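Input: a single structure, listed below in structure tokens.
The values are calculated or read from the model by the stated rules, or taken from the named source; none is laboratory data. In this text the structure is predicted, and so the values were computed from the model without any measurement. Here the Cβ positions follow ideal geometry from the backbone for every residue, glycine too, while neighbour counts run over all protein chains shown.
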Amino acid sequence: MAASTEEVLARLSQQLPVHVNSTDALVAGMGKAAEVIDRKRKRSGGHDEGHRKPILEPLRGADLADLAITPWELLGTLARASTLARQGRGRGLAEHWQSLKYCQALASNATGHVALTEEGQSPEQSYRAMQARELGRAFGLAVAERAVRSRFPDRLISTVDAEVILLSGFARAGSRPTLGLRPRPDYFIEAWRPGEPSSVFLVTVNGNHQVATKRTGKADRSAFLQLARASERAEYLHLGEWNTTPCLLMSTELLAREGITVNALQAPGPGLLPVRSAEGRASADVRSVSERNLPYTDAVQLPPADGKKSKERFHDAFFVPRKHLTWFGQVLARTGAAGQLAFAGAGRDIAQYLTPKQGRKHYEQRTFAGSSSVHDASHKFGPAVFVGTDQVFRLGGIRVEAFSGMAAELYELLVKGEVEQYRRRAYELRATWPSSVTVPEWGPVSFRDDGTVMALRILLGADTEVGQRSRAA
């Protein structure tokens, strides 16, 4: 029997463990899968070996534990990471509301771990790839963000779509700027604190519906193959110099027997950006950031083979030289600010933070109803006022309201173009926001220490009463 709307909201706010698998055996399995990929590539006439991260290893310490999280927080993770994906017009909704279609897809299994519900396990065939991709992002990013937070507990983190960042420096010419099919990671996670160098992580996220068993060979294991390809994608992006940017590679098995499982590996590196000026042309408050036209072909130099003196070696990559790292930090901070405003439905105010190749024009134009969020909602959670946007939809026949926004004080700073002051104030306030998973008069909520919130509640009124009577009948 289908769960009632009230039961769905209760499930969404229930904190549950998510399996995290990160072992030496996973590294070995990924290596076997990589060998298979290389052999197939060689037989088809391509290079016999792909460029991959030279060192991959399991996560360490507390990062190996199950991730304790609510399904609503997972959907909030997906929503926050999807704000600038630039496909809202085609889908008829602002990007981050796409996560709402999974409200009924997640619950606990017999062992108490997160798993797909019956509804979540039976999407139409044409939507299975989308579900794997989007829920792979939600679970993978949740584990990746925890790993970054555990290493930098005194910092805030920002997760930004890698494609949007790279468009400002590597876009191909054309009426619609694009990166083409060049391999790349999916996200950047920046761990930042005002006045200190930021640490930047590359993140790849994948999902699959394979039901792996003991008889499933390493060459046929979807998670191993996804991680092998992820290692290649991560190797095609470097900051400062070759192999100094840390990476987190995630593959989520949605139908794992013990519950949804995130397979995770990491590549070490400092990934440091220069300390940015708090004001002036080198700050993130600059009126606009110039675009770059950085080379991709043979852009990064590799060390000599086997440590011997030999001919110089290069390979293709999205490579940001050290002299451009200050610029890259500006783009990263400003694009992160654009994402925060998009999450709050800021509309045209988002455009000031994006370059033309990043899609500034999309936010400068007036959009038709339903294709973008409208900044027209305000709610008080605890002592703080949050401003943002809302979306009303039906869940089990009952009208519910979803709200996404950020603290009013922080929102106003970003609207005025004050990124550096926003970061200073956000850092000062990071420990003051609510941390509960529900609040009075609402159902599930997802608060972040950056001052953002996503919440859900049943809309009370005649429509609700009619729906309840119909369900009772």
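Within the range 21-32, the presence of at least one residue that is modelled with pLDDT of 90 or more, of a type outside the set (A, V, I, L, M) and assigned to a loop (DSSP other than H, G, I, E, B) is confirmed. Within the range 282-315, being surrounded by 11 or more Cβ atoms within 10 Å (Cβ to Cβ) and among the basic types (Lys, Arg) holds for Arg292, Arg313.
One line per residue, one yes/no per condition, for (1) surrounded by fewer than 19 Cβ atoms within 10 Å (Cβ to Cβ); (2) out of contact with any strand residue (DSSP E or B) (no Cβ under 6 Å at 6 or more places or on another chain); (3) among the acidic types (Asp, Glu):
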position: Val164; (1), (2), (3): no, yes, no
position: Pro177; (1), (2), (3): yes, yes, no
position: Phe188; (1), (2), (3): no, no, no
position: Arg215; (1), (2), (3): yes, yes, no
position: Ala219; (1), (2), (3): yes, yes, no
position: Ser222; (1), (2), (3): no, no, no
position: Leu237; (1), (2), (3): no, no, no
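The set of residues from the range 428-452 being aliphatic (A, V, I, L, M) and closer than 17 Å to Ala68 by Cα comprises Val437, Val445.
Of the residues in the range 164-175, not one is farther than 29 Å from His315 by Cα and under 18 Å from the mean Cα position of the chain (by Cα). Taking (1) hydroxyl-bearing (Ser, Thr, Tyr); (2) more than 30 Å from Leu26 (Cα to Cα); (3) over 20 Å from the mean Cα position of the chain (by Cα) in turn, Thr216 satisfies each apart from (2).
Residue count for the range 391-447 under the criterion of being under 18 Å from Ser13 (Cα atoms), of a type in the set (Gly, Ala, Ser) and not in a strand (DSSP E or B): the result is 4. Checked against the criterion of being assigned to a helix (DSSP H, G or I) and over 17 Å from Ser283 (Cβ atoms), the range 318-329 contains one or more residues that satisfy it. In a residue-by-residue description of the range 242-249, the property of being over 15 Å from Tyr187 (Cα atoms) and surrounded by 15 or more Cβ atoms within 10 Å (Cβ to Cβ) applies to at least one position. Screening Ser283 against (1) without any contact (Cβ under 8 Å) to a residue 40 or more places away in the chain; (2) under 26 Å from Pro356 (Cβ atoms); (3) of a type in the set (Gly, Ala, Ser) leaves a single unmet condition, (1).
For the subset of the range 144-156 comprising residues that are closer than 27 Å to Ala115 by Cα and touching a helix residue (DSSP H, G or I) at 6+ places or on another chain (Cβ under 8 Å), which member is surrounded by the most Cβ atoms within 10 Å (Cβ to Cβ)? Here the answer is Ala147.
Residue-by-condition table, conditions (1) of a type in the set (Asp, Glu); (2) surrounded by fewer than 16 Cβ atoms within 10 Å (Cβ to Cβ); (3) closer than 15 Å to Ala230 by Cβ:
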position: Ser13; (1), (2), (3): no, no, no
position: Met30; (1), (2), (3): no, no, yes
position: Arg39; (1), (2), (3): no, yes, no
position: Ser44; (1), (2), (3): no, yes, no
position: Gly50; (1), (2), (3): no, no, yes
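Out of Arg176, Arg172, Arg193, one residue alone is basic (Lys, Arg) and closer than 16 Å to Pro274 by Cβ. It is Arg193. Pairs linking a residue in the range 429-441 that is under 17 Å from Tyr411 (Cα atoms) to a residue that is acidic (Asp, Glu) and surrounded by 16 or more Cβ atoms within 10 Å (Cβ to Cβ), with Cβ atoms under 7 Å and 6 or more positions apart or on different chains, are Arg430/Asp449; Trp433/Asp449.
For the range 299-317, which positions are in a loop (DSSP other than H, G, I, E, B) and of a type outside the set (Ser, Thr, Tyr)?
Taking the range 299-317 first, the residues in a loop (DSSP other than H, G, I, E, B) are 299, 303-304, 308-312, 316-317.
Matches in the range 299-317: Ala299, Pro303, Pro304, Lys308, Lys309, Lys311, Glu312, Asp316, Ala317.
In the range 367-388, the residues that are closer than 20 Å to Arg457 by Cβ and of a type outside the set (D, E, K, R) never reach a residue that is outside any strand (DSSP E or B) and at pLDDT below 55 with C-beta atoms less than 7 angstrom apart, at least six apart or across chains. The listed residues are Val392, Val385, and the only one of them that is touching a Ser or Thr at 6+ places or on another chain (Cβ under 9 Å), surrounded by fewer than 17 Cβ atoms within 10 Å (Cβ to Cβ) and either β-branched (Val, Ile, Thr) or modelled with pLDDT of 95 or more (or both) turns out to be Val385. Does Val160 satisfy the criteria of being surrounded by 19 or more Cβ atoms within 10 Å (Cβ to Cβ), under 13 Å from the mean Cα position of the chain (by Cα) and of a type outside the set (Lys, Arg)? Answer is yes for this residue. Can you spot a residue in the range 174-183 that is over 20 Å from Thr335 (Cα atoms) and among the aliphatic types (A, V, I, L, M)? Scanning the range 174-183 turns up at least one residue that is over 20 Å from Thr335 (Cα atoms) and among the aliphatic types (A, V, I, L, M). For the residues Val200, Val275, the requirement of being crowded, with 18+ Cβ neighbours inside 10 Å and either hydrophobic (A, V, I, L, M, F, W, C) or in contact with an Asp or Glu (Cβ under 6 Å, 6 or more places away or on another chain) (or both) singles out Val200.
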